[in-house]
Structure formats: structure tokens, C-alpha cells
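The values are calculated or read from the model by the stated rules, or taken from the named source; none is laboratory data. On a predicted model such as this, the values are computed, not experimentally measured, just so you know. As a convention, Cβ positions derive from the backbone with ideal geometry for all residues, glycine included, and neighbour counts pool all protein chains shown.
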């Protein structure tokens, strides 16, 4: 009985850690913190920007586009882009960004953000 209870508690803690390390919003902007350093993702129709605070940080952003005036339910992945603290991506002409996902690394830790236009 005690062994099963430990497994349930461990599963609950792991679930909480997973939920705490990622964030998804529908307002176009997402903000969180890693070791007190701000991480953010901002999405609009024509631009998506991901930023990681702190020195020696790494940021990766993945954008998803749809035809301008078309349905945002049919998103096409854009090529991911990586770099230091701030990364900006733009869709091709005739396309809008529908959502973006970002991964932020700082001090050996990482966080995920996801935002929709």
C-alpha cells in the first residue's frame, strides 16, 4: 500500500513539474521566468519575437503560418530559428503567423512558451 502511494505522489510531483515548466496563452504574449531572468514570446500577424534574459542564454522559436485571410486551423510549420537572447521571425508575403512556440535556455534550465495570435 505504501509503495503505491509513493508512486502516486511521485507521478503528481512530476506532473506539477511539467506544468510548471511550460506555459501556453491565447493573448499573443507569454511571459515567465527562469532563475529570476525573464523569458517572453510575443506573436502578431506579421512578426513573432522570443526573448531570454541573462548572459549566455539561448533562444529557439518555431512559427506556424496560415494564408492571410485563411483559416488559422490549417497551420503550416515554418523553419525554426535559434540564436542568443532575442530572435524574431517573419512570415513570407501573403501569409500570417497563427502561433509560435519557443524554448529558452539559461543557467542549465529551460522553459517552453506557446502563444497564439
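Summary of values
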item: Output for segment 61-86, where each listed residue is within 16 Å of residue 51 (Cβ to Cβ), modelled with pLDDT of 95 or more and surrounded by 18 or more Cβ atoms within 10 Å (Cβ to Cβ); result: 61, 62, 63
item: Residues satisfying the stated conditions in segment 74-86, i.e. touching a strand residue (DSSP E or B) at 6+ places or on another chain (Cβ under 8 Å) and in a loop (DSSP other than H, G, I, E, B); result: 74, 75, 78, 80, 84, 85
item: Pairs where the first residue, in segment 94-117, is surrounded by fewer than 18 Cβ atoms within 10 Å (Cβ to Cβ) and the second is modelled with pLDDT of 95 or more and part of a loop (DSSP other than H, G, I, E, B), C-beta under 8 Å, 6+ apart; result: none
item: Index of the failed condition, residue 12 passing every other in (1) surrounded by 16 or more Cβ atoms within 10 Å (Cβ to Cβ); (2) modelled with pLDDT under 55; (3) farther than 24 Å from residue 97 by Cβ; result: (1)
item: Filter pass, residue 89 being surrounded by 11 or more Cβ atoms within 10 Å (Cβ to Cβ), under 16 Å from residue 114 (Cα atoms), modelled with pLDDT of 90 or more and touching a strand residue (DSSP E or B) at 6+ places or on another chain (Cβ under 9 Å); result: yes
